[in-house]
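Read the figures in this text as sums done on the coordinates, not as results from a lab. Model, not experiment: these values are computed from the prediction. Glycine gets a Cβ as well: all are built from the backbone with ideal geometry, and neighbour counts include every protein chain shown.
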Amino acid sequence: MRLIESPSEMREAAEALRLSRAPVGLVPTMGALHEGHRSLIRRAAGECGAAVVSLFVNPAQFGPGEDFARYPRSLEADLRMCREEGAVAVYRPSAEAVYPGCFSTWVEVPALAEGLCGPHRPGHFRGVATVVLKLFAACRPHRAYFGEKDYQQLVLIRRMERDLDLGVEVVGCPTVREADGLALSSRNAYLSAEERLRALSLIRGLRKAEALLAEGERASARLAQAACGELDRAGARVDYVEVVHPATLKPVERVEGEARIAVAAWIGGTRLIDNIPLRAAP
Ligand code: AMP
């Protein structure tokens, strides 16, 4: 497995991989890898001739006062996991290489960034879209693997790929959870034992809404209210609980067919997100 640290070296390696080991599958990550990341890398390695993993804590997607400086970093363990899962290369550029001083080109997908996390994290999705486009340019993948855990990100990247004719198949992968339902996240490392228990209110809330839907309640406000109840009881500070269309991410008043319920909430000083699909019985 090669460790590549400059965009030009990555581009050269990617060209060679495309010729000899196509298709090339890319797994973009910010490192601090966990079993959720592992599932993406395993799938990319299983479905592609070559799997490339990027490790880059992208400063452009963190707002002022967010956790960029203290974001967990664990290079040795990350490289071990990439090797175990059969990645052929790890791309780990420096921030200076990705954003040189003169950098001034940004990608925005406003229609998909305006709701859910958008208003709570101004500039976040602009940073995400821009870095993913740059990772695609350096790694030249045929496919790229993203988790449904970050559902808004997945939908937004799909749109960017289509809008800009990037020729990358964007593959969405299911959320990996702990046995008790907590979605794996690098940010779970911030939680104390007591907060970890309270963090279960996110998935409990989502499942409560799902159960209510199964009982016949289709009004989004009622479903969101049920989820909020769980979060409130756990003392979580809710940024939003919303029921949205799975492709446009626009709020829906009622669940007819498929929808997505998504939550963002603070447990102490840690902001967590989660989401699940909702399907109304025909
Ligand atoms: P991150 O390092 O948090 O930026 O995540 C890198 C990729 O891993 C993104 O596509 C995430 O959606 C995905 N991911 C993060 N957590 C999980 C999880 N629990 N299950 C599946 N994929 C995940």
| Subset of the range 132-166 [more than 22 Å from Asn275 (Cβ to Cβ) and either in contact with a His (Cβ under 8 Å, 6 or more places away or on another chain) or part of a helix (DSSP H, G or I) (or both)] | Leu133, Lys134, Leu135, Phe136, Ala137, Ala138, Cys139, Asp163
| task | Consider only pairs whose beta carbons are under 6 Å apart and that are at least six residues apart or on different chains; among these, list those whose first residue lies in the range 162-183 and is away from the ligand (no atom under 13 Å from the Cβ) and whose second residue is assigned to a loop (DSSP other than H, G, I, E, B). | result | Val168/Pro141
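What residue, of Val168, Val131, is under 25 Å from Glu96 (Cα atoms), in contact with a helix residue (DSSP H, G or I) (Cβ under 7 Å, 6 or more places away or on another chain) and β-branched (Val, Ile, Thr)? Please lay out each step first, then the result.
Values: Val168 fails: under 25 Å from Glu96 (Cα atoms).
Matching residue, one of Val168, Val131: Val131.
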| Can you tell me which residue in the range 232-241 is farthest from the chain's Cα centre (by Cα), limited to those that are surrounded by fewer than 22 Cβ atoms within 10 Å (Cβ to Cβ) and either over 22 Å from Arg121 (Cα atoms) or of a type outside the set (Ser, Thr, Tyr) (or both)? | Arg233
| field | Residues satisfying the stated conditions in the range 123-148, i.e. away from the ligand (no atom under 14 Å from the Cβ) and touching a Pro at 6+ places or on another chain (Cβ under 7 Å) | value | Ala138, His142
